[in-house]
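A.B. asks: Here it is: the structure, laid out below.
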There are 4 protein chains.
Amino acid sequence: MENAILLISCPDTKGIVAKVSNFIYQNNGNIEHADQHIDSETNTFFMRIEWSLKDFRIPKEKIAQKFSSLAAEFKMEWNLHFSSEIPVMAIFVSRHLHCLYDLLLRYREGQFKCKIPLIISNHSLAKDIATSSGIKFFEFPITKENKSEQERRQLQLLKENSVDLVVLARYTQILTKQFVDSFPNRIINIHHSFLPAFIGKFPYRQAHLRGVKIIGATSHYVTEELDAGPIIEQDVVRVSHRDSLEDLRRKGEDLEKIVLSRAVRWHLERKILVYNNKTVIFD
Amino acid sequence: MENAILLISCPDTKGIVAKVSNFIYQNNGNIEHADQHIDSETNTFFMRIEWSLKDFRIPKEKIAQKFSSLAAEFKMEWNLHFSSEIPVMAIFVSRHLHCLYDLLLRYREGQFKCKIPLIISNHSLAKDIATSSGIKFFEFPITKENKSEQERRQLQLLKENSVDLVVLARYTQILTKQFVDSFPNRIINIHHSFLPAFIGKFPYRQAHLRGVKIIGATSHYVTEELDAGPIIEQDVVRVSHRDSLEDLRRKGEDLEKIVLSRAVRWHLERKILVYNNKTVIFD
Amino acid sequence: MENAILLISCPDTKGIVAKVSNFIYQNNGNIEHADQHIDSETNTFFMRIEWSLKDFRIPKEKIAQKFSSLAAEFKMEWNLHFSSEIPVMAIFVSRHLHCLYDLLLRYREGQFKCKIPLIISNHSLAKDIATSSGIKFFEFPITKENKSEQERRQLQLLKENSVDLVVLARYTQILTKQFVDSFPNRIINIHHSFLPAFIGKFPYRQAHLRGVKIIGATSHYVTEELDAGPIIEQDVVRVSHRDSLEDLRRKGEDLEKIVLSRAVRWHLERKILVYNNKTVIFD
Amino acid sequence: MENAILLISCPDTKGIVAKVSNFIYQNNGNIEHADQHIDSETNTFFMRIEWSLKDFRIPKEKIAQKFSSLAAEFKMEWNLHFSSEIPVMAIFVSRHLHCLYDLLLRYREGQFKCKIPLIISNHSLAKDIATSSGIKFFEFPITKENKSEQERRQLQLLKENSVDLVVLARYTQILTKQFVDSFPNRIINIHHSFLPAFIGKFPYRQAHLRGVKIIGATSHYVTEELDAGPIIEQDVVRVSHRDSLEDLRRKGEDLEKIVLSRAVRWHLERKILVYNNKTVIFD
């Protein structure tokens, strides 16, 4: 049974919920999930509404067109998705493979409704697991000199595979503005700290040095500024003076897997809205 | 500025959101918060919708009447509240006063929109704090013989003070069916364990004996069956072999205060719906 | 570099720490970790002490003998381990394979210092992953009639493989007293609830029905009584009315993996002492 | 019954535990708690050992002298405390009184073994609660011009009252180096963020702006550099897009109270050792 999913943000005013829900009701749709949020500081209205297309009177391919006048009336930014669409996801990884393994396991267990046609890495370590999972593997060694050219080739590959979502599962290369701009709010990164603490390359080392009593992991959309994009999810675990740097890494990796997988699932299920460099999660 | 708050539950069907939001929109109301939930197992629809009465065309005192035909159409159970209503809360307490102190502090800080005209206890220990807070204090010593009569007098007092909500802030007496039936879903208890584990009088002792690694606290509505009513909130804290029974108590009391205060606040803000001995929390 | 690890429990009295640490010091050992605990209720002393055997004057094979008179003086229960010993672990699993996958990944990443020569199941589902991991797989279908005989054959297999530790990674068969008695405090189970709540077969269903706001997982040593053995580790995750039974399962499985893996690691690193159906964890 | 508590840190080498425990044993002391830690990166040994003075052969007033030669042998930094000593604590507070209230409640409940003779503030708001608690209250309005002089007078007051520990319970003035140096590792501050994130004056505002999904609180010893001293304790709570800045504050204040009270209790119970701008907590 197919559902339609509408994601909306617009200036808040009277009548939005009434008119959107009427649009669905009068065309004989049955709402299965609906969630809204008003950000009172910026007077912005957000909505995610999902309804069954069973007996819906507007044919699927005409829904967007029919909805667009209503959208215009309220100056909406909006996206229409269908549960039958299967997004295409590419995974980027470097030497630490725990997140990759975890994503692939969840994929196999059916936790992610998507296709994963390719894995890209700047190293060869992930080749075996990619191959044995029946996923194409591409190695792009990166140097200062070739970075721009390699990214261009990566983008070409993503385009050829119709990739919707790029997941950086501990990918150590910083993407250029050009790359990031090609996938706005469609690149998810896992950072191994409780952002905004410990930005950069060695968060566990910094956390150990600072003597924090709790460490964290953060999944976020990638923007041009390093580790500064909209935060999707965070989680933490307690540490103590007994924990070595190695212990922090081990404990942190369990967080990374969970925090990244939640972000990926919510994105694939169209549960995330981005505004003001923040996220609204309609889980 | 006054708001109206509508809490609805009914069998799920097409058009509920559309008709409810139209009712508000066509009468010139501006929705400030709305949240809904569909329990797909029982096909039940739940909604909390809050709108500003500024320029609303139906006078406050006629809203219920005007809404009732729509409510009947969908076989709704519903409650209408107004932000101007100030609920009246009575606190019951025995010898452990930490939750009482905490509630009174939050009350003073303005976290609870309510009046607290009276504190009732089966002991005299809370008398001083009640008096110094300007709240009437009533001591009802309870024995097997006088319990029924004392409860009758307590109910009389609650009635005279127009009490809406009874909060058992570590009150050790088990209320009779007669008392509980007088306040359906309007008695909140704090139980010092992670229910359904460790029901009864000595949860910390049981937790210590069992050697659990995490302890908890649970706030719930009181029903006839002991510690078995709809759970409103729970929270937990880690313990270890180093923690004595006394440590469990100390750690647990911090949980109790927080878990009880969340439940009280949500209840006062009309954010809780009860069904099937469970709660929907629209926070 | 090899270490010796001594686990001690005995009635508490003066001089234990002094005499044990003297034993090590006078024989030129360097303590690398030491932890002790006194349970004041039962007046029991617990200790885990680990020292380097570099330049230790007593040959490794004679340490136990030399220590035994001191142990007798204090009526110690004690175990001596060496870091060079590699314990042998067998995994039992049924149809839910997430914990098995997780254990094998951690094993590959070097988190567990052990050998895993065999996986045993009452189903065939785990065969492929066992085989592709280079681990022997044995299927023992269990019926009421053959249970006793199958367990006898399983025990035989464990004996032939010199198995030290049995891990029940979501194994659905209840082990008989005869089996449990063969591995006292050496069978670790993962139970998918926050014990002692929701004992038995369907904890997620029970949790969903009861409307709890937090779910948990518990790893424990297996004793004769179902789900009642010494708790090693627990962890929890928040749920809400929005979570379906399926969501509880998904969230819970992440807990199960982590909670089981911590217990296995601590056991392999000789960090667990059991007494009074509880555990002391010297992590 | 009186106990002695010894806190030790020194370069790690063979024989420390043996010699310290012998010192106690040979003088007929009974160890009630002992905990040690070796920081392998810096090769530093830490110990907290607590023993009963019942039948101890060295008179209390001579223990330090007798121990000093052993201490010298191992180049120990060490402190000797007695359970009969009652430390003197001063509380500094500004306009936000929730932590002050919380500390005073715990003090009354017997959670802190200390005296609190005075409360100091740069505002008058805390005067009533101080007075009604029978604690002297001193108001020191601070301006750029008078800061140095006011601090001098505050220090004089602390000296007259033999204050051991200064607790900054949301005190908004930044202490000068001169003040901080007078109480090395004896000033505890509560910072309302998960340090090192959101240093400075408006952490909740910053957290809200950044869109974090978890907020925290941190208690730490005060050093010259703002919010950069040794972290004693941290805790966190989940937030979402639904939480306004006011919600963050309310949730955060519950954290602040708990995180500050843990730090104060551990300090008073001599459970904290500081090194390398980090803490070892022997709880």
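A.B. asks: Quick check: Cα centre of region B:1-30 to Cα centre of region D:100-122, how many Å?
C.D. replies: Going from one Cα centre to the other spans 50 Å.
A.B. asks: Given H placed on each backbone N at 1.01 Å, which residues far from C:N30 in sequence or on other chains put an amide H within less than 5 Å of it?
C.D. replies: Close amide H contacts, sequence-distant or interchain: C:S52.
A.B. asks: Let me ask something additional. Rounded if a/c is under 1.5, else prolate if a/b beats b/c, else oblate: with a ≥ b ≥ c from the C-alpha gyration tensor eigenvalues square-rooted, which is region A:88-281?
C.D. replies: Rounded shape, in that the Cα axes give a/c under 1.5.
A.B. asks: Now a separate question. Can you pull the semi-axes for the protein assembly as shown, root of five times each eigenvalue of the Cα gyration tensor, sorted largest first, whole Å?
C.D. replies: 48, 41, 32
A.B. asks: Tell me what the protein assembly as shown gives for mean residue ellipticity at 222 nm when only DSSP H runs of n ≥ 4 count, each as -39,500 (n - 2.57), the sum divided by the residue total, rounded to 500 deg cm²/dmol.
C.D. replies: Taken over the protein assembly as shown, the calculation gives -10000 deg cm²/dmol.
A.B. asks: Under a point-charge model restricted to the Cβ atoms of Lys and Arg (+1) and Asp and Glu (-1), what is the dipole moment magnitude of region A:46-94 relative to its Cα centre, in debye to the nearest 20?
C.D. replies: For this selection, approximately 140 debye.
A.B. asks: For region B:78-97 and region A:51-77, what is the centre-to-centre distance using only Cα atoms, to the nearest Å?
C.D. replies: One Cα centre to the other: 44 Å.
A.B. asks: Quick check: pseudo-label points 7 Å beyond the Cα along Cα→Cβ at D:D55 and B:E160, how many nm apart are they?
C.D. replies: With each label placed 7 Å out from Cα toward Cβ, I get 6.3 nm.
A.B. asks: Could I ask something else about it? Along Cα-to-Cβ, 7 Å out, sits the label point; list in nm, shortest first, how far the one on D:R210 is from those in the other copies.
C.D. replies: With the label placed 7 Å along Cα→Cβ, D:R210 yields 0.8, 3.7, 3.8 nm.
A.B. asks: Another question, then. Under the classification rounded if a/c is under 1.5, otherwise prolate if a/b is larger than b/c and oblate if not, where does region B:122-186 fall, given a ≥ b ≥ c as square roots of the Cα gyration tensor eigenvalues?
C.D. replies: Taking the square roots of the gyration eigenvalues as a ≥ b ≥ c, region B:122-186 is oblate.
A.B. asks: Contact order normalised by length for chain A, with contacts defined as Cα pairs under 8 Å and 6 or more residues apart; what percent is it?
C.D. replies: 15 percent.
A.B. asks: Roughly how far apart, in whole Å, are the Cα centres of region A:164-236 and region B:31-47?
C.D. replies: When both Cα centres are located, 35 Å separates them.
A.B. asks: Taking only Cα atoms and a 10 Å spring cutoff, compute GNM fluctuations for chain B and point out the largest among B:A130, B:A34, B:A217.
C.D. replies: Between B:A130, B:A34, B:A217, it is B:A34 that shows the largest mean-square fluctuation.
A.B. asks: Here's another thing I want to ask about it. State, to one decimal in nm and shortest first, how far the label point of D:Y275 sits from each corresponding label point in the other identical copies (label point: 7 angstrom along Cα-to-Cβ).
C.D. replies: 2.8, 5.2, 5.9
A.B. asks: Apply 1/(1 + (r/R0)^6) to the Cβ-Cβ distance of D:Q26 and B:F82, taking R0 = 60 Å, and write down the FRET efficiency to the nearest 0.05.
C.D. replies: Once the sixth-power term is evaluated, E becomes 0.20.
A.B. asks: Only Cα pairs within less than 10 Å get springs; with that Gaussian network setup on chain C, which residue of C:V163, C:V237, C:V93 has the largest fluctuation?
C.D. replies: Largest GNM mean-square fluctuation: C:V237.
A.B. asks: Can you compute the charge dipole magnitude of region D:3-82 about its Cα centre, using +1 on each Lys and Arg Cβ and -1 on each Asp and Glu Cβ, nothing else charged? Give it in debye, rounded to the nearest 20.
C.D. replies: The calculated dipole for region D:3-82 is roughly 400 debye.
A.B. asks: Moving on. Under a point-charge model restricted to the Cβ atoms of Lys and Arg (+1) and Asp and Glu (-1), what is the dipole moment magnitude of the protein assembly as shown relative to its Cα centre, in debye to the nearest 20?
C.D. replies: Computed charge dipole of the protein assembly as shown: roughly 0 debye.
A.B. asks: Using the 7 Å Cα-to-Cβ label point, sort the distances from C:E246 to its equivalents in the other copies shortest first and give them in nm to one decimal.
C.D. replies: Here the equivalent label points are 3.9, 4.2, 5.2 nm apart from this one.
A.B. asks: Also: Along the Cα→Cβ direction, 7 angstrom out, place labels at A:A64 and B:K144. What is the inter-label distance in nm?
C.D. replies: With each label point 7 Å from Cα toward Cβ, the separation is 7.6 nm.
A.B. asks: As a quick test, which of the pairs A:K201/D:K271; D:K113/D:K136; C:K278/D:K113; C:K213/D:K251; A:K271/B:K75; C:K54/D:K75 have an alpha carbon distance above 26 angstrom in this structure?
C.D. replies: Correct reply: A:K201/D:K271; C:K278/D:K113; A:K271/B:K75.
A.B. asks: While we're looking at this one, here's another question. With unit charges on the beta carbons (Lys and Arg positive, Asp and Glu negative) and the dipole taken about the Cα centre of region D:156-266, which residue among D:P184, D:L168, D:A197 sits farthest to the positive side?
C.D. replies: Positive-end residue among those listed: D:A197.
A.B. asks: Then there is this: State the residue of chain B whose Cβ is nearest the axis carrying B onto A, and the distance in whole angstrom.
C.D. replies: B:S21, 3
A.B. asks: B:Q206 to C:E2: FRET efficiency via 1/(1 + (r/R0)^6), r the Cβ-Cβ distance, R0 45 Å, to the nearest 0.05?
C.D. replies: About 0.55, to the nearest 0.05.
Where a number appears in this text, it was derived from the coordinates with a stated rule and is not lab data. Remember, it's a predicted structure, so these values are computed and weren't measured experimentally. Cβ atoms come from the backbone with ideal geometry, glycine included; neighbour counts cover every protein chain shown.
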